[in-house]
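The values are calculated or read from the model by the stated rules, or taken from the named source; none is laboratory data. Note that the structure is predicted; figures quoted are calculated from it, not measured. So basically every Cβ, Gly included, is an ideal-geometry build from the backbone, and we count neighbours across all protein chains shown.
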Amino acid sequence: MPKKQKKDKFSMTICGEFFPEVYPAFRSQKWSRGEEDPLETEMRLFSSCMRWAFNRLLEGISRDEIKKLGQELFGINSRYADDARLKAQALLDSQKELLELEIEETKNKLSRARKKLGTAMRKLAKAEERGNAPDIVEKLRLAVKGQNNRVASL
């Protein structure tokens, strides 16, 4: 059973800030670029670490090794390196999930394009059979060619 708080008890939440009293804070010249402030430096290093971690995940490197190497290469703490790896892993998982949907959509597009190609070819055959005007037959030939290209591109 949860404890009841006393009515005279006072609680307060204090939010921390990234920015110190003296801004801009000192960041090692090894990591910063010119007049870049510390927040921009942290964001740049985190994004770089995330891209790097994504590529290492594709290579099959372990979580601990990515975390350790990310800290060394980008000069960020353990938590940032692990968060970069987690974001890269989430991106990789979402891409795998979306790949199945993309394949299904492409199959649907291909079936519709083939259906349109069949219709265009039937119209062309009927127009040639009837002996329609050359300009109409030429337009139908172009339509068949365009639909053929669409099917080939899918």
I need the full set of residues from segment 36-53 which are within 22 Å of GLN95 (Cβ to Cβ) and either surrounded by fewer than 15 Cβ atoms within 10 Å (Cβ to Cβ) or of a type in the set (Phe, Trp, Tyr) (or both), in order please. PHE46, SER47, ARG51, TRP52
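Please enumerate the residues belonging to segment 68-81 that are surrounded by fewer than 19 Cβ atoms within 10 Å (Cβ to Cβ) and touching a Lys or Arg at 6+ places or on another chain (Cβ under 9 Å). Outline the logic, then answer.
Quick first cut of segment 68-81, residues surrounded by fewer than 19 Cβ atoms within 10 Å (Cβ to Cβ) only: 68-69, 71-73, 75, 77-79.
Listed by number, the residues that qualify are LEU69, GLY75, SER78.
To keep it simple, each residue is scored yes or no on (1) aliphatic (A, V, I, L, M); (2) within 30 Å of LEU39 (Cβ to Cβ); (3) in contact (Cβ under 8 Å) with a residue 24 or more places away in the chain.
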| position | (1), (2), (3) |
| --- | --- |
| ARG79 | no, yes, no |
| LEU91 | yes, yes, yes |
| ASN108 | no, no, no |
| ALA113 | yes, no, yes |
| ALA125 | yes, no, no |
| ARG130 | no, no, no |
| ALA133 | yes, no, no |
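Going by the conditions given, is GLU65 more than 30 Å from TRP31 (Cβ to Cβ) and modelled with pLDDT of 90 or more? If you could, list the steps in order and put the result at the bottom.
Values: more than 30 Å from TRP31 (Cβ to Cβ): no; modelled with pLDDT of 90 or more: yes.
No; evaluated as a whole, the condition is false for this residue.
Looking only at segment 59-74, decide whether some residue is more than 30 Å from LEU140 (Cα to Cα), hydroxyl-bearing (Ser, Thr, Tyr), out of contact with any strand residue (DSSP E or B) (no Cβ under 8 Å at 6 or more places or on another chain) and not in a helix (DSSP H, G or I).
Step one: filter segment 59-74 for residues more than 30 Å from LEU140 (Cα to Cα), giving 59-74.
Retained after the next criterion (residues that are hydroxyl-bearing (Ser, Thr, Tyr)): 62.
Now drop any that are not out of contact with any strand residue (DSSP E or B) (no Cβ under 8 Å at 6 or more places or on another chain), which leaves 62.
Filter once more, keeping what is not in a helix (DSSP H, G or I): 62.
Yes, the conditions are met somewhere in segment 59-74.
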Go through ARG33, ARG27, ARG56 for me and flag whichever is modelled with pLDDT of 85 or more and either of a type outside the set (A, V, I, L, M) or surrounded by 15 or more Cβ atoms within 10 Å (Cβ to Cβ) (or both). ARG56
List the residue pairs whose Cβ atoms are under 6 Å apart, where the first residue sits in segment 142-154 and is more than 9 Å from ALA113 (Cβ to Cβ), the second is not aromatic (Phe, Trp, Tyr), and the two are 6 or more positions apart or on different chains. ALA143/ALA120; VAL144/ALA120; VAL144/MET121; VAL144/LEU124
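Is at least one residue of segment 116-132 outside any helix (DSSP H, G or I) and farther than 25 Å from ALA152 by Cβ?
Yes, that holds for at least one residue.
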